[in-house]
Amino acid sequence: MKNKVIIIAEAGVNHNGDIQTAKKLIDVAVEAGVDYVKFQTFKADKLVSKTAKKASYQHANINDGDDSQYNMLKKLELSHNDHLELMRYCNEKKNKFFSTAFDVEGVTYLNDLGLELFKIPSGEITNYPYLKAIALCGKPVIMSTGMCTEHEIKQALDVLFQFGISKEMISILHCNTEYPTPMKDVNLKAMLSIKDNFDVEIGYSDHTLGIEVPVAAVALGARIIEKHFTLNRNLSGPDHAASLEPDDLKAMVKAIRNIELAMSGDGLKMPSESEMKNIAIARKSIHLNKNLAKGHIISNDDIIALRPGDGISPMEWNTIIGKKLKVDKKKFDKLSFSDIV
């Protein structure tokens, strides 16, 4: 994951429990050029109690009169056959299937499916058995840190380390778990603090509206970007309203790739290959400001800096003053060292 910014398109539960919608989401992600399409692997019975209430944003985005988080999630489960079909479809489209598990059983299930890395969602960062199960899989780990303190991040890392995950296998995503996240709460500098304090690869899992914050995160050094997307933000479901629509996902990927290129230089301030041809055009050289005869001693009033810049640099101005002309020169003629003595 070290060679370029990894872009994870988070389909999540925006398929609304329909496999055909899930495939359409994959199509959108593939067209946008992302690296992974991520879903969610859970069984409602293992995730939430039947008395748990919806979050306020979930209630607002669904508004079906049912405040049960359990009932909402039950409709959004993906079956075993759904997983196999989506993996097959991603492979056919030459994109990588990814999913987040939310319990130990789900971790084991995804590992048995052969997933190449694991994602720890923000809500599970304090779940010791879950963290242990992921660590025992021995695969790279991406960990989101919404709602976290640095102490909680350290505790989670200690569990991963204890059960065999090395620091080099871990990427930590700064995140805010509010959908959508208010701009004033993004605190993007915290991503840099994570890098400084834990010496790991960093990234950003975004829940703001729009694409500017993940693009800014890349400019600050994020190596992984995760962003929810949907077919239509007006669909009913917990995450649609805070997700990107297809054109916006495509725009985000393009912007990230552009910023990635812009940040890829060696850091030395030198003329680039593309601008070399413009040096003579944009800069100036010393020209004559009036008609002058052979033998004239050049004074300050006799010369002027004009384009093009393919003659004597105006930085040689004081060197030219006091020199004698070897030939007649006309007003606006470009001066050369062969003209003077």
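The number of residues in the stretch 109-132 being of a type outside the set (A, V, I, L, M, F, W, C), surrounded by 14 or more Cβ atoms within 10 Å (Cβ to Cβ) and part of a helix (DSSP H, G or I) comes to 7.
Starting from the stretch 325-341, take each residue that is at positive phi and list its partners that are surrounded by 13 or more Cβ atoms within 10 Å (Cβ to Cβ), counting only C-beta distances under 6 angstrom and pairs at least six apart or across chains. The qualifying pairs are Phe332/His287. In summary, Tyr70 fulfils each of the numbered conditions (1) at pLDDT 95 or above; (2) in contact with an Asp or Glu (Cβ under 9 Å, 6 or more places away or on another chain) with the single exception of condition (1).
Scanning the stretch 10-29 for residues that are closer than 15 Å to Lys93 by Cβ and out of contact with any helix residue (DSSP H, G or I) (no Cβ under 8 Å at 6 or more places or on another chain) returns Gln20, Lys24, Leu25, Asp27. Screening Leu136 on (1) open to solvent by 40 Å² or more (accessible area, probe 1.4 Å); (2) outside any helix (DSSP H, G or I); (3) among the hydrophobic types (A, V, I, L, M, F, W, C); (4) in contact with a Phe, Trp or Tyr (Cβ under 8 Å, 6 or more places away or on another chain) shows it passes everything except condition (2).
Of all residues in the stretch 139-183, how many are of a type in the set (Phe, Trp, Tyr) and open to solvent by less than 10 Å² (accessible area, probe 1.4 Å)? First the steps, then the outcome.
Keep residues of the stretch 139-183 that are of a type in the set (Phe, Trp, Tyr), which gives 161, 163, 179.
Then drop every residue that is not open to solvent by less than 10 Å² (accessible area, probe 1.4 Å), which leaves none.
The qualifying residues number 0.
Scanning for something in contact (Cβ under 8 Å) with a residue 40 or more places away in the chain and either open to solvent by less than 40 Å² (accessible area, probe 1.4 Å) or farther than 30 Å from Lys4 by Cβ (or both), does the stretch 300-309 turn up at least one residue? No: the stretch 300-309 contains no residue that is in contact (Cβ under 8 Å) with a residue 40 or more places away in the chain and either open to solvent by less than 40 Å² (accessible area, probe 1.4 Å) or farther than 30 Å from Lys4 by Cβ (or both).
Of the residues that sit in the stretch 68-84 and are among the polar types (S, T, N, Q) and in a helix (DSSP H, G or I), which one is nearest to Tyr130 (Cα to Cα)? Write out each step before concluding.
First, pick out the residues of the stretch 68-84 that are among the polar types (S, T, N, Q): 68-69, 71, 79, 81.
If we keep only those that are in a helix (DSSP H, G or I) as well, we get 69, 71, 81.
Values: Gln69: 21, Asn71: 23, Asn81: 24 Å.
Top of the filtered list is Gln69.
Taken over the stretch 155-190, residues that are in contact (Cβ under 8 Å) with a residue 60 or more places away in the chain and assigned to a strand (DSSP E or B) amount to 1.
If you go through the stretch 325-339 one residue at a time, how many are of a type in the set (Ser, Thr, Tyr) and either touching a strand residue (DSSP E or B) at 6+ places or on another chain (Cβ under 9 Å) or not in a helix (DSSP H, G or I) (or both)? Selection size over the stretch 325-339: 1. Selection of the stretch 296-324 for residues being under 55 Å from the mean Cα position of the chain (by Cα), of a type outside the set (Val, Ile, Thr) and assigned to a strand (DSSP E or B) yields Ala305, Leu306. Across the stretch 96-108, the number of residues qualifying as buried (at least 20 other Cβ atoms within 10 Å of the Cβ) and touching a strand residue (DSSP E or B) at 6+ places or on another chain (Cβ under 6 Å) comes to 6. When you scan the stretch 111-161, how many residues do you find that are under 20 Å from Asp196 (Cβ atoms), touching a helix residue (DSSP H, G or I) at 6+ places or on another chain (Cβ under 7 Å) and polar (S, T, N, Q)? Looking only at that region, the number is 2. Candidates are the residues of the stretch 85-102 that are in contact (Cβ under 8 Å) with a residue 12 or more places away in the chain and in a helix (DSSP H, G or I); the one that is farthest from the chain's Cα centre (by Cα) is Glu85. Looking at Ile153, Ile120, Ile125, just one residue is of a type in the set (Val, Ile, Thr) and within 17 Å of Lys46 (Cβ to Cβ), and that residue is Ile120. Do you know which residues across the stretch 17-59 are over 20 Å from Ala101 (Cβ atoms) and either without any contact (Cβ under 8 Å) to a residue 12 or more places away in the chain or open to solvent by 60 Å² or more (accessible area, probe 1.4 Å) (or both)? Of everything in the stretch 17-59, those that are over 20 Å from Ala101 (Cβ atoms) and either without any contact (Cβ under 8 Å) to a residue 12 or more places away in the chain or open to solvent by 60 Å² or more (accessible area, probe 1.4 Å) (or both) turn out to be Asp18, Gln20, Lys24, Glu31, Lys50, Thr51, Lys53, Ser56, His59.
Checked against the criterion of being of a type in the set (D, E, K, R) and open to solvent by less than 50 Å² (accessible area, probe 1.4 Å), the stretch 69-76 has no qualifying residue.
The values are calculated or read from the model by the stated rules, or taken from the named source; none is laboratory data. Quantities reported herein were computed from a predicted structural model and do not represent experimental measurements. Glycine also receives a Cβ, built like all others from the backbone with ideal geometry; neighbour counts cover every protein chain displayed. Note: accessible area is taken over every heavy atom of the protein model, side chains too, but ligands, DNA and RNA are not part of it. Shrake-Rupley method; radii C 1.70, N 1.55, O 1.52, S 1.80 Å.
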